[in-house]
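> Pasting a structure here, questions to come.
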Amino acid sequence: MLANKSLAFDSNRGEHPAVMRKLLLFAGLVLLGAGNTAHARGARRAGHPHTPPGGQVVAIQPIEGAQGAPLRALVSRIMRSRGFRAMTTLPHYDGTGQYPSLARDHHLAAFVTGDVEERGKWSSITFLVWNGVSGSVIGRWTTSGPSASLGRAVGRGFWAHLGPAVQHAVPPPLPIDQQQAPAMRIDASNSMRDEPIASR
């Protein structure tokens, strides 16, 4: 009887280390997974700049008013910092009917327009984002504040409110004559042999 109890005790004691090793391994995997999840959440909060494919071109249209030029330059810097190419060479247009043809001619992903309204020492600006491929409005944001610090409000909130719309903007397809032809693959595994010429 004592021998059986001793044998059972020894057998159980031999199983405990194996069980403990499995529990420790499982706990380590759980902690590792939690750490990776926290790191991914932290990276998303950091707001890493989105890099558009090929540095898409966005036209930053002229903004009228005394604050127009500085605000346009600010938006252009924001676009460049996010990987876009800001175009500021287009003039002001009355209406948006020419946007589709301009987008095709310059392969523009989007247009950004701004309208400033000044009321004494207080100003507001409304931004619109127009999709290049469709010519429709895909983003709208208005901010306001003291005229002297309106640029500060734009710098803080422009990308947070309109960045997703700019990222989803699509340029018109390139004309067929400007599209890059697919690379040709030549199979040189079989050597060309001259066929014998039949004698007459």
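The values are calculated or read from the model by the stated rules, or taken from the named source; none is laboratory data. Please read these numbers as outputs of a predicted model, since none were measured by experiment. Counting neighbours? That spans all protein chains shown, and the Cβs are built from the backbone with ideal geometry, glycine included.
> Whether any residue in the range 146-153 is at pLDDT 95 or above and under 23 Å from the mean Cα position of the chain (by Cα) is what I want to check.
Yes, that holds for at least one residue.
> Quick check on the range 95-109. Is at least one of its residues closer than 25 Å to SER147 by Cα and among the β-branched types (Val, Ile, Thr)?
Kept after step one, since they are closer than 25 Å to SER147 by Cα, are these residues of the range 95-109: none.
No, the range 95-109 contains no residue that is closer than 25 Å to SER147 by Cα and among the β-branched types (Val, Ile, Thr).
> May I pose another question? With a cut-off of at least 1 residues that are free of Cβ contacts under 8 Å to residues at least 40 places away in the same chain, name the strands (runs of 3 or more DSSP E) lying wholly within the range 49-162.
Strands (runs of 3 or more DSSP E) meeting the threshold: 85-87, 108-119, 122-131, 137-146.
> I would also like to ask the following. Among the aliphatic types (A, V, I, L, M), closer than 24 Å to GLY83 by Cα and in contact with a helix residue (DSSP H, G or I) (Cβ under 9 Å, 6 or more places away or on another chain) - does that describe any residue in the range 112-123? Before the answer, list the steps.
Our first condition is that a residue be among the aliphatic types (A, V, I, L, M); within the range 112-123, this holds for 112, 116.
From what's left, closer than 24 Å to GLY83 by Cα: 112.
After this cut, where a residue has to be in contact with a helix residue (DSSP H, G or I) (Cβ under 9 Å, 6 or more places away or on another chain) as well, the list is 112.
Yes.
> Could you grab me the full set of residues in the range 57-82 that are closer than 15 Å to GLN167 by Cβ and either at pLDDT below 95 or surrounded by fewer than 15 Cβ atoms within 10 Å (Cβ to Cβ) (or both)?
Passing the criteria: ARG80, SER81.
> Test GLY139 against the stated conditions and say whether it is touching a helix residue (DSSP H, G or I) at 6+ places or on another chain (Cβ under 6 Å) and either more than 22 Å from THR88 (Cβ to Cβ) or surrounded by fewer than 22 Cβ atoms within 10 Å (Cβ to Cβ) (or both).
Numbers: touching a helix residue (DSSP H, G or I) at 6+ places or on another chain (Cβ under 6 Å): yes; either more than 22 Å from THR88 (Cβ to Cβ) or surrounded by fewer than 22 Cβ atoms within 10 Å (Cβ to Cβ) (or both): yes.
Yes; evaluated as a whole, the condition is true for this residue.
> Would you mind stating whether PHE158 is at pLDDT 95 or above, aromatic (Phe, Trp, Tyr) and farther than 21 Å from GLY55 by Cβ? Walk me through it before giving the result.
Details: at pLDDT 95 or above: yes; aromatic (Phe, Trp, Tyr): yes; farther than 21 Å from GLY55 by Cβ: no.
Considered against the rule, which asks whether it is at pLDDT 95 or above, aromatic (Phe, Trp, Tyr) and farther than 21 Å from GLY55 by Cβ, PHE158 comes out as no.
> Something else: For the range 105-113, indicate whether the set of residues that are surrounded by 14 or more Cβ atoms within 10 Å (Cβ to Cβ), touching a Leu at 6+ places or on another chain (Cβ under 6 Å) and over 12 Å from VAL75 (Cβ atoms) is non-empty.
The first filter runs over the range 105-113 and keeps only residues surrounded by 14 or more Cβ atoms within 10 Å (Cβ to Cβ), leaving 106-113.
In the following step, the residues that additionally are touching a Leu at 6+ places or on another chain (Cβ under 6 Å) were identified as 113.
Okay, now just the ones that are also over 12 Å from VAL75 (Cβ atoms), so none.
Checked the range 105-113: no residue is surrounded by 14 or more Cβ atoms within 10 Å (Cβ to Cβ), touching a Leu at 6+ places or on another chain (Cβ under 6 Å) and over 12 Å from VAL75 (Cβ atoms).
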